[in-house]
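Everything below concerns the one structure shown next.
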Amino acid sequence: MATNSAEGIRWNLSDLFASYDDPQIEATLKTCHRCAEAFAQRFRSPMEQPNTLTVGILLQALNDLETIYEALGRVGSYSGLLYAADTAKPEYQDLEQRIEQRSTEIRNQLLFFELEWLKCDEEIANRLIDDPRLKTYKHYLTNLRRYRAHTLSEAEEKVINKKDNTGRNAFGRLFSEITSSLTFTIDKEGRTEDRNLSQILSLLHEPDRGLRQRAMDTLYRGLAQHGPVLTFTYDTLIQDHLTMDRMREYPNPMAQRHLINEIDGEAVKTMMGVTESNYSLAHDYFRLKAKLLGLPRLALYDQYAPVGKEVRPFPYSQAQQAILDAFEAFDPTFRQIAAEFFAKNWIDAEIRKGKRGGAFCASPSPKLHPYILCNYDDNLRDVMTVAHELGHGLHGCLSRKQNYFNYDTPLTTAETASVFGEMLVFDHLLARQTDPQAQIALLAGKIEDIFATVFRQNVLTRFEELAFSARKEQRLAPETLGSLWLDANGQYYGDAVDIPEGYRWGWSYIPHFIHSRFYCYSYVFGQLLVLALYRMYKDEGKSFVPKYLTLLEAGGSDSPEALLRPLGVNIHDAEFWQKGFEEIKQLVGRLQRLTAAP
Ligand SMILES: [Zn+2]
């Protein structure tokens, strides 16, 4: 294997614990267990009698809860990070499972608090919520109450939790097992090779058109073989979702997700409508891409074909420099925080056997700093990944002044800093690139990334909506799902892209449909929000920076709508969402001009 520029870049987890067998881990769990028991003993009865519940008692309960969750977060994060860095080590697997099990036990003991709080009368709850002494917990307490109408009794909730393991969660595991064991046999350069799902998907980025076509054919033929089980699994999960919606009295299949996302469904409707009215922008790009590839028309398997010339290799140290410089140009605080990640070994970047693939940033709690994992392979995409994760890292650091309950943001705004960080680094790199072919590669890569997050995720959400309403009529057959999928995609690709027949199985391997339904619109939301914010930054210049910093510092202390309002953002306004598309239009226009140049 060729040497990798990120070799030796490993994180140092000793801030958390000394090693997987550090006795402090067990001691922490024991303390948590004891505290949870004491918590139940002390607060169960006052919580059951809300008439006599005082601000002082509630405040004490919240403080205690915070302390327990913080400690659980510390052990949970440690085992999770150890395992991610070396998934093959049995000791880490054992630790991970042990902690998961113990945490569930402890959390179950605390469960009554939220449930009793929900039972509390509106008048009493409001009086407590409005007390200035509970100010920092106001958002958390109010937020919980929104689930009031949708929560069942403690006994019912416990039964559902237990039965889900052999019900809904089991179908999820079946799906994961099938999709992770898929093997596709493909001819590459005269040899047959076996590839897994992500490896066959990566062939769609190859320059050889024949290979891309074969990869796509092979992919859908392989999926079709598992079609009946994948269909049955999805159909069952939709039915489970619809049943639970009825029991929990959610008015529509997306309602629960909107509640989790702290978003009003109307705003999502507006956003999706604006996205659809911009599909012609995608058609323009697809026609341009066909021209760049010298084709009369694009086929679906040409969508991610490389164009221009990729700048490569891109060593880790150079990535670090580019990111720090790009962040510095935005605000010195950004650079300062990002530099800490590099200097203090909060990043694990090298490629190792047994290490988890992909990338993430873990922000365990306000008492701890975030950690980043990525697999740095010396190309531009990896630079963007580091920029993305460092954006999360900045967000996680800046919001450390919040308490535990106000620390995390909902999905809709979770990607605000990460995607913004990527934009800063992208612009920085593009401005310093003199070779037009390299500029073309950079721009096309960015545009296709944005399309995959905005347009494609919108299509995915529309498909889910279609599937759910079809399921209300009857059991879903592979033919039905295939047709609904082609319908939803047909709007996006229009007549600009040829769609192969096998694509009717395109829905069948997407994990979000199985594990976290209606998740995908959050990607559209996050990306468009950032593009619009980025445009505001370009328009307003430096005066935008402090408002943006305040937004990040606020963490999840209020709803996205309320936190965004001071920046002049109205998520119910179609014009706001259109701002994001203006930014995309500019990128496509820039590429058009570049390629038209003699
Ligand atoms: Zn992210």
TODO: For residues that are more than 30 Å from Y279 (Cα to Cα), of a type in the set (D, E, K, R) and in contact with a Leu (Cβ under 9 Å, 6 or more places away or on another chain), tally how many sit in the stretch 545-598.
DONE: 2
Task: Hits in the stretch 382-395 (condition: away from the ligand (no atom under 11 Å from the Cβ) and either within 12 Å of S363 (Cα to Cα) or not in a helix (DSSP H, G or I) (or both)) - done: L394
TODO: May I ask you to say which residue of T142, T218, T192 is in a helix (DSSP H, G or I), farther than 28 Å from D449 by Cβ and among the β-branched types (V, I, T)?
DONE: T142
TODO: Go through the stretch 145-158 residue by residue and tally those that are assigned to a helix (DSSP H, G or I), open to solvent by 30 Å² or more (accessible area, probe 1.4 Å) and at pLDDT below 90.
DONE: 3
Open item on the list: If the requirement is being touching a residue at least 60 places away in the same chain (Cβ under 8 Å), buried (at least 19 other Cβ atoms within 10 Å of the Cβ), β-branched (V, I, T) and not in a helix (DSSP H, G or I), which of these qualifies: V307, V311?
Closed with: V307
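Results for (1) on the phi > 0 side of the Ramachandran plot; (2) open to solvent by 20 Å² or more (accessible area, probe 1.4 Å); (3) away from the ligand (no atom under 15 Å from the Cβ), shown as yes or no for each residue.
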residue	(1), (2), (3)
G358	yes, yes, no
P366	no, no, yes
L380	no, yes, yes
C397	no, yes, yes
N403	no, yes, yes
Open item on the list: Residue under question is Q433, and the condition is that it be outside any helix (DSSP H, G or I), open to solvent by 20 Å² or more (accessible area, probe 1.4 Å) and away from the ligand (no atom under 11 Å from the Cβ); does it hold?
Closed with: yes
Task: Total residues in the stretch 106-129, condition open to solvent by 80 Å² or more (accessible area, probe 1.4 Å) and in a helix (DSSP H, G or I) - done: 5
- [ ] Determine, yes or no, whether I9 is assigned to a helix (DSSP H, G or I), surrounded by 14 or more Cβ atoms within 10 Å (Cβ to Cβ) and at pLDDT 95 or above.
- [x] no
Open item on the list: Out of A496, A444, I need the residue that is closer than 30 Å to T595 by Cβ, modelled with pLDDT of 95 or more, touching a Pro at 6+ places or on another chain (Cβ under 9 Å) and more than 16 Å from the ligand (Cβ to nearest atom). Which one?
Closed with: A444
Open item on the list: When you check D487 against the structure, is it touching a residue at least 12 places away in the same chain (Cβ under 8 Å), closer than 29 Å to A267 by Cβ and within 16 Å of the ligand (Cβ to nearest atom), yes or no?
Closed with: no
TODO: Given the conditions (1) touching a residue at least 12 places away in the same chain (Cβ under 8 Å); (2) over 30 Å from G482 (Cα atoms); (3) out of contact with any helix residue (DSSP H, G or I) (no Cβ under 6 Å at 6 or more places or on another chain); (4) open to solvent by 10 Å² or more (accessible area, probe 1.4 Å), report the number of the one that G445 does not fulfil.
DONE: (2)
- [ ] Determine, yes or no, whether L201 is modelled with pLDDT under 95 and in a helix (DSSP H, G or I).
- [x] yes
Task: Among (1) away from the ligand (no atom under 12 Å from the Cβ); (2) not in a helix (DSSP H, G or I) - the single one T412 does not satisfy - done: (2)
Task: Residue tally, condition of a type in the set (F, W, Y) and either exposed (fewer than 15 other Cβ atoms within 10 Å of the Cβ) or closer than 20 Å to G396 by Cβ (or both), over the stretch 530-568 - done: 1
Task: Scope the stretch 336-345; condition more than 16 Å from the ligand (Cβ to nearest atom) and either of a type outside the set (F, W, Y) or touching a residue at least 24 places away in the same chain (Cβ under 8 Å) (or both); matching residues - done: Q336, I337, A339, E340, A343, K344, N345
- [ ] Six or more apart or on different chains, Cβ under 7 Å: which pairs go from a residue in the stretch 85-111 that's farther than 22 Å from Y69 by Cα to one that's in a loop (DSSP other than H, G, I, E, B) and open to solvent by 70 Å² or more (accessible area, probe 1.4 Å)? Could you list them?
- [x] T87/R356; E91/Y20
Task: Residues satisfying the stated conditions in the stretch 454-474, i.e. at pLDDT 95 or above and open to solvent by 10 Å² or more (accessible area, probe 1.4 Å) - done: R456, Q457, R462, E465, L466, S469, A470, R471
Open item on the list: Restricting to the stretch 55-98, name every residue that is of a type in the set (D, E) and in a helix (DSSP H, G or I).
Closed with: D64, E66, E70, E91, D94, E96
- [ ] Taking the residues in the stretch 368-378 that are in contact with a Cys (Cβ under 8 Å, 6 or more places away or on another chain) and assigned to a loop (DSSP other than H, G, I, E, B) as candidates, determine which candidate is nearest to the ligand (Cβ to nearest atom).
- [x] P370
- [ ] Could you check, for the stretch 415-429, whether at least one of its residues is farther than 30 Å from E276 by Cβ, within 13 Å of the ligand (Cβ to nearest atom), under 16 Å from the mean Cα position of the chain (by Cα) and acidic (D, E)?
- [x] no
TODO: Please work out which one of (1) charged (D, E, K, R); (2) within 22 Å of L567 (Cβ to Cβ); (3) open to solvent by 30 Å² or more (accessible area, probe 1.4 Å) is the condition K344 fails and give its number.
DONE: (2)
TODO: Considering only residues that are closer than 23 Å to P370 by Cα and of a type in the set (V, I, T), look in the stretch 55-81 and name the one that is most open to solvent (accessible area, probe 1.4 Å).
DONE: T67
- [ ] Scan the stretch 264-277 residue by residue and report those that are surrounded by fewer than 21 Cβ atoms within 10 Å (Cβ to Cβ) and either at positive phi or polar (S, T, N, Q) (or both).
- [x] T270, S277
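The values are calculated or read from the model by the stated rules, or taken from the named source; none is laboratory data. Remember, predicted model here, so these are calculated numbers, not experimental data. With ideal geometry, Cβ positions are generated from the backbone for all residues, glycine too; neighbour counts draw on all protein chains shown. Each accessible area value is taken on the protein alone, full model and side chains, heavy atoms only, with ligands, DNA and RNA left out. Shrake-Rupley method; radii C 1.70, N 1.55, O 1.52, S 1.80 Å.
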